[in-house]
Amino acid sequence: MVLFFTSTTVNPPAIIYMGRDKVENEELIKYAWPQDVWFHVDKLSSAHVYLRMSEEMSWDNIPEALLTDCAQLVKANSIEGNKKDNLTVIYTPADNLKKTGDMAVGQVSFHNDKKVKRVYVIKRENPIVNRLNKTKDERVVDHEQERVDRIKRGCN
């Protein structure tokens with residue numbers, strides 16, 4: 001099951017998604033769109049949160065309000081990070097994620113460390129998390145079929 005959220009901080013609204021558990025995270029690592037942006041609490045266990053980029057955006061100029069939404073969602077979905085203030089969330093394009101066979105389930109590294117950015121989160125912002133949770137939609141996704149459909153449409 002994949003959890004989808006809608007951020008209305010930008011127009012058109014942005015789609016944010018994450019796996020329910022580490023097994024689902026493995027599927028998302030494998031099937032994320034190249035232009036999606038991956039978010040994770042730095043140095044702690046957390047959800048893998050992805051931002052589906054619109055054509056008008058690039059990963060290095062995500063609007064601040066949308067960046068905050070993604071960072072707050074990651075923080076709220078980290079058992080340890082949710083309880084801490086003053087933490088860092090890292091983010092990078094999904095095609096920069098590197099997965100090797102010797103890594104644990106859900107674990108990733110990066111092809112290029114210079115393509116990893118950081119956003120500082122002072123504390124949990126419940127109004128943001130609550131707003132996003134009201135848009136939550138849990139769906140079964142056929143990742144392989146979605147990939148095939150994207151290729152047919154001429155997308156990466």
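Points to keep in mind about this one:
- When each of the peptides 105-113, 22-30, 39-47, 71-79 is scored by the mean number of other C-beta atoms lying within 10 Å of its residues, the order from highest to lowest reads 71-79, 39-47, 22-30, 105-113.
- Ranking Pro34, Ile79, Thr6 by how far each Cα lies toward the positive end of the dipole of the chain (charges on Cβ) leaves Ile79 at the top.
- Pairwise Cα distances in the range 111-156 exceed 11 Å in 80 percent of cases.
- Take 82-94, 133-145, 115-127 and order them by the average number of nearby Cβ atoms within 10 Å per residue, most first; the result is 82-94, 115-127, 133-145.
- Spin-label model distance (nm) - Asp85 vs Thr100, 7 Å beyond Cα toward Cβ: 4.0 nm
- Selection from Thr88, Leu66, Ser54, by position along the positive dipole direction of the chain (Cβ): Thr88
- Each part reduced to its alpha carbon centroid, the range 11-84 and the range 95-135 end up 5 Å apart.
- Karplus 3J(HN,Hα) series, Hz, for the range 43-52 with 6.51 cos²θ - 1.76 cosθ + 1.60 (x for Gly, Pro): 6, 9, 5, 7, 5, 9, 10, 10, 9, 7
- Just the protein heavy atoms count here, and of the accessible area of the range 1-124 at 1.4 Å, carbon and sulfur take up 50 percent.
- For the chain, size of Cβ-based charge dipole, Lys and Arg +1, Asp and Glu -1, in debye: 300 debye
- Rounded to the nearest 500, the 222 nm mean residue ellipticity of the chain from helices alone is -8000 deg cm²/dmol, with -39,500 (n - 2.57) taken per DSSP H run of at least 4 residues.
- Computing log10 I(q)/I(0) by the Debye sum over Cα atoms at q = 0.11, 0.17 Å⁻¹ directly from the structure and comparing it against (1) -0.39, -1.01; (2) -0.55, -1.05; (3) -0.47, -1.01 singles out (1).
- Here the Karplus relation 6.51 cos²θ - 1.76 cosθ + 1.60, evaluated at θ = phi - 60°, turns the backbone of the range 72-86 into coupling constants of 5, 5, 4, 4, 5, 10, 10, 4, 7, x, 5, 8, 9, 9, 6 Hz, with x for every Gly and Pro.
- Taking amide H atoms as placed 1.01 Å from N in the peptide plane, the amide H of Val141 lies under 5 Å from those of Val2, each 5 or more residues away in sequence or on another chain.
- Based on protein heavy atoms only, the chain ends up with 56 Å² per residue of surface accessible to a 1.4 Å probe.
The values are calculated or read from the model by the stated rules, or taken from the named source; none is laboratory data. All of these numbers come straight from a predicted model, not from anything done at the bench. Note that we place each Cβ from the backbone using ideal geometry, even for glycine, and neighbour counts take in every protein chain shown. In case anyone asks, the SASA skips ligands and DNA or RNA and just uses the protein heavy atoms, side chains included. Shrake-Rupley method; radii C 1.70, N 1.55, O 1.52, S 1.80 Å.
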